[in-house]
C-alpha cells in the first residue's frame, strides 16, 4: 500500500489548518510515517503536533519553504485566499513543482483563482474537499473529491489515502468543490423532504417506523430516509436518536448551501429547491438550531407540543 | 399460493373503473381465475371484458348486487364519491359483509368519509392505492399500500396479490393513501433536487455520469439519482434516455402533489419543499410538459440552447 | 341613508355565529334598528343579545323559520356546511325568497355548493366575506366583498352597510371569497417580502426608518411597507410597535393562505410564492407565533440575539 | 439651481461606461454644461461624445489624470473592479481629493472593497446606483441612492441632480447598493405575488380590472398592482399593455436578485421569498423570457392556451 512505504523514503508534508478536521487528518499523516511541517493561526493548535514530533512554523510561507507537498484545511474562502496569497502566504516562498492540495470547502470559483495564482509560481494546485465529519477524519475514512490536472492525481492520492478510504478524481480544478457542493445540496433537499414526508405521514396516522420502511422500499428512498432517518425512534445510532447531537451541524450545512447558492447565481443556474433548502437552514440557525445536526429539521417543522 | 386455488372455489369479484390502470389489473384477476363483474362509465371500456367472459353491468349498484368483493380504480376523489354514494352507487345495493377495496389515489380524508358511509351499510371499506405504473399493472407487480381494519387485510391481500407483488398493511383507513402521498411527495422533491444538483454540477464542469456515480456513493444518493436519473446519457432504459416519454406523467405527479398539499393544509403540517415541488410541476404543466415523464424537470430547469 | 329607515318598517334579520366578529356585527344591526333573531352553538354567546332585546333561538332552522334575511358568520367551511345543510340547518325551514348572506371566510368551492343547495329551496345565497378585524367590526367599517346574483346585491347592501363602510360587488357566487383570498395571499407575500427586505437592508447597514422611506417612494412600495411596517420603531400605532399584539393573527393568516392553496390546487393554478408564504406562516404557528400579528414574520426571520 | 451655474465655473467631469444607461446620463452632464472626459471599453461608444465636444481617452487611468470628479456606470462587479483597480485603472493615476462616484449596480461588499482601495490613494469613493430605466436616464429623472461619507454628499449631489430628480443619502459606503437591492428584491416579490393573485382570481371567476381595483383599495395594494399591473388589459401605458416589451428586462431583474442573494448569503440573512423570486426569474430566463419586461411573470405562470 502506498502509505506503508518505509519512513526513510518519505519527504515532509506541510499541513496548514489544524482545527476540528485538520487535527485528526494531520495525525493520520503522522501515523503513516510522514514528517509533518505544521502551521495554524492559533499557536495552541500546534502544540499537540510538536509533542508528536512535527515541526511547527510561523507562517504558511515558512511551511512552503520547508515542504514541497502541502495540505490546507481552512474554514472559508477568505481564509484560504489569505493562506495562499496573503503577505506571509504560501505563494511567497513556494518552490517550483510543489503540490498544494486544498481540502477546505470553498467556492469553486475561488479554487480556480487560487489555481491560477499557484500556476504562475510553477507549482500545482488541486482542490480536494472531504465528505464525512470529524469521526471519519479520525478513523481515516474520509471521502476526498479531487479536482486538478489528472497527471498529478496519483501524487495527491498517495497522501490522501492516508486520511481517507475513498479518493475520487472529479476533473479539472474546482470540480472537487463542485461535486461536494452538489452532493450536499441534494442531501439537504432530501433530508428536508424526508422530514416533511415523515411528519405529514405521522399526522395522517402512519406509524413512523412503518412509513420509513415503506419509503425505503419505494421510489421515495434516499440516504436521509434509509441511513440517517431524522425521526426519533426510527433508527439507532443516528443523531435523531440522540437529541440531534453530533453529526453534521446545521451551521455547516447552511454554509455549504450558501456556496451552492453562490455557484448557482454565478452560473445562472436555477436551483429552486436548493435555494429554499438554504433558506430553511438559515431560519433554523436564526431559531436556535445552529449547533444541532442538520436532521433536526424534522424537529423544526413539527408543531410545538404546547399549541 | 393463494391465487392458484381451483376456479370452482372462486366467487365473483366486482371491478369498477377499467381505464389505463384498471384494465390490466382486472385482466390479472381474470387470469387468476376470478369471475369478474365489470363496470365502467364508458361502455367501450367494458367490451373487451365481455369477450374475456366477464359479466358487464349497468351501474356500480348492479356490481354490488352481484359481487360481495369489489375493487374500484378511479381517477379522482369526486369520481370515487360518485361511484360509492351516487344515485346508482355501490352503497345503494351493497350486501352486508361485502369487502370494498378502493385502489384509486385520492385524498385520505375522502377515503375516511367513504369508509364511514360504507360502515353504515354493514360492509367493509379499505383504501389500497398502488405504486408502479401501467407496466407494473400489466406485469402484475404493483405495490399496494393498504389501509383499513387489520382483520380484513388477509381477505384483501388474497385479491391484491393477483395484481401486485407487494401488498403492505399501513394501518387504519386512509393510511394507504397517506403512505402513497408521502412517498410521492418525497419522490418529487428528490427528483427535482437531483435535477438541480446534476444541472449545477454540469455547469460547474463535472461530467454527468461521473457526478451521478459520486452522488450515488455519497449522502446525496436517492432513487431519482441511482435508479431513474433525469439526465439524458447517464442511464439506459429510463425516460430520460427516451426524450422523457413513458414513465410517470408530470400531470399525474402534479395531481399527487396536490393531494399532499391538501392533506398538509388540512392537518396544518408545514411542507415547504413539498409545496414548492407542487408549484414546479404546476408550472411545468403550464409550459407544455404535462404529458412528459416527471423527470423532465431536468429539461425544464436547463437554459435554452438559443439564449 | 338606507339604514336609518324608521324601525317600524324593519323586518327581523337572522344572525348565526356570534363570535369575535359576529358579536359586534350583530350589535351594529341592532343599533340600526333591526330586530335580530340570534343563534350561536354556544348558548352563552346569545345571552348578551337577549338583554339587547334580540330573540334567541335553538337552531339555525328556527332562525330560518322566523326571519327571511339571515347573515351567517362562521369559523370554517365545515361549520358553514353544518349550519346550512345540517340536521337542524337553515335549509330545513328556510322560506322561499329568503336572502341568505354568508360572511364567513371559506373555500369558494364550498360557497358555490351552498348556493346550489340554497337555490333548490327557492331562496337566494350570497357570499360576503369581510376584511378588517374586530376593531373594524366594532366601528362598523368593515369591507364586504360580495358574490352572487347581481339583482340581489342592493338588498344585501342594505344590511351590510350597517356593519361596513365598503360593500363591493365582485361577481357570481364565490367571487367574494375569491377576492378576499387573492387579496390576503398578496398581502401575506408582500408582508414577508417587506420583512425580508427590511431585515436584509438593516444587516447591510441601512437605518430602518430611512429604508422604509426609500422603499415607500420607490417601486418596492406596498401596504405592508407604508401602512403596516413590520419593523419595530418604524411606525407608530401598528402591531410592530406593540410587540406584535392585536392585529391579524398568524393563525388566521395561515388559515386564509390554506384556502388560497386549496383553491389554487383545485384550479391547477401555479402560486409559487403564495404557497411558500403559506408554509412560512405554518412554520411560525409551529414555532410559537400563532397568536401574534402576522407582521411578526419580521421577528421570525431575525437572527436570535443569543447566537 | 446647482446645475445652472455658469459654464465658466465648471471643471471637467470624467465618465466611464457609455452603454445603454451611461450614454444618456453623460449627455445630461454635457447638457448641463460640464466638460466631459469620456472612456468606454468599446471605442465606438465614445464617438458620439467626441462629436458633442467631449474629450475621449484611452483608459480609466487617463480619465483620472484629467478629471477630479468621475462617474462610473458599469454592468457588473468584475467590470467595476477592473475599471478601478486594473492595470490601467482609475487608481493608477487618481489625484488626491478626487471624488469617484460609482453608479453601477454591484455587490455592496465590492463597493466597500473599492472604497477601501480608493481611500488609500487619498480620494473619495461613493456608491450611487440608480433606479429608473433608460427612459428615466434620458429624461434626467433617475433616482440615485447614495452611500459614502456624508460630508461629500453635497458635492456628489451637484453632479447627480443633472441626471436625476431624486438623490437620496442612504448612509455609509455600500448602503446605496443595499437600498437598491432591497427595493428591487421587494419589487420582484410583489410583482410575482401580484401575478399569482391576479391569475388565481381570474381562474376563480373574477374580472381582472375589478380584482385590481379591489386589491388597490385593500391591504394587497402595491406598486406592481396599482402602477405597473402585469395583466394585459388592466392598465394602459405599461409593458403588459404592449406584449411585455420595454420596461425592466427579466435578465436585469435576475441579476439584481442574484446580488440580493449574494448579500443575504454573506450576511446570513434568511430571505425565503427573495430567494424564490430569484429562482423564478432564472427559470424565466431559461424559458425564453430573458428580454421581456419582468412583469411577464404573469404570462409565465398562466396555463398555455393549447393544453
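The values are calculated or read from the model by the stated rules, or taken from the named source; none is laboratory data. None of the values given here were measured: they were computed from a predicted structure. Reconstructed Cβ throughout: ideal geometry from the backbone, glycine too, with neighbour counts over all protein chains shown.
Of note:
- Qualifying position, being buried (at least 24 other Cβ atoms within 10 Å of the Cβ), farther than 19 Å from residue A:259 by Cα and at the interface with another protein chain (Cβ under 7 Å from one of its Cβ atoms), among B:210, B:186, B:200: B:186
- Annotation note: of B:288, B:247, the sole residue that is touching a helix residue (DSSP H, G or I) at 6+ places or on another chain (Cβ under 9 Å) and either under 30 Å from residue A:206 (Cα atoms) or within 9 Å of another protein chain (Cβ to nearest Cβ) (or both) is B:247.
- Looking only at segment A:227-237, and only at residues there that are away from every other protein chain (no Cβ under 12 Å) and out of contact with any helix residue (DSSP H, G or I) (no Cβ under 7 Å at 6 or more places or on another chain), the one that is modelled with the lowest pLDDT: A:237
- Exactly one residue out of D:263, D:219, D:224 is within 30 Å of residue C:127 (Cα to Cα), buried (at least 20 other Cβ atoms within 10 Å of the Cβ) and facing chain C (nearest Cβ under 7 Å): that is D:219.
- Residues being more than 14 Å from the chain's Cα centre (by Cα) and not in a strand (DSSP E or B) - total across segment D:119-157: 16
Conditions (1) away from every other protein chain (no Cβ under 12 Å); (2) more than 15 Å from residue D:217 (Cα to Cα), marked per residue:
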| site | (1), (2) |
| --- | --- |
| C:124 | yes, yes |
| C:130 | no, no |
| C:137 | yes, yes |
| C:141 | yes, no |
| C:157 | yes, yes |
| C:163 | yes, yes |
| C:175 | no, yes |
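- 1 or more residues within 25 Å of residue B:250 (Cβ to Cβ), under 25 Å from the mean Cα position of the chain (by Cα) and in contact (Cβ under 8 Å) with a residue 40 or more places away in the chain: qualifying helices (runs of 4 or more DSSP H) within segment D:190-307: D:250-266, D:272-286, D:297-301
- Condition met for residue D:238 (under 30 Å from residue D:23 (Cβ atoms) and not assigned by TED's automatic domain parsing to the domain that holds residue D:276): no
- Flag if residue C:109 is more than 7 Å from chain D (Cβ to nearest Cβ), under 22 Å from residue C:259 (Cβ atoms), touching a residue at least 60 places away in the same chain (Cβ under 8 Å) and surrounded by 21 or more Cβ atoms within 10 Å (Cβ to Cβ): no
- Filter result for residue B:205 (at the interface with another protein chain (Cβ under 7 Å from one of its Cβ atoms), touching a helix residue (DSSP H, G or I) at 6+ places or on another chain (Cβ under 7 Å) and surrounded by fewer than 22 Cβ atoms within 10 Å (Cβ to Cβ)): yes
- Taking the listed residues B:26, B:38, B:80, B:54, the one that is crowded, with 20+ Cβ neighbours inside 10 Å and either outside the structural domain of residue B:117 (by TED's automatic domain parsing) or at pLDDT below 95 (or both) is B:54, with no other qualifying.
- The lone criterion from (1) at pLDDT 95 or above; (2) more than 20 Å from residue B:212 (Cα to Cα); (3) under 23 Å from the mean Cα position of the chain (by Cα) left unmet by residue A:178 is number (2).
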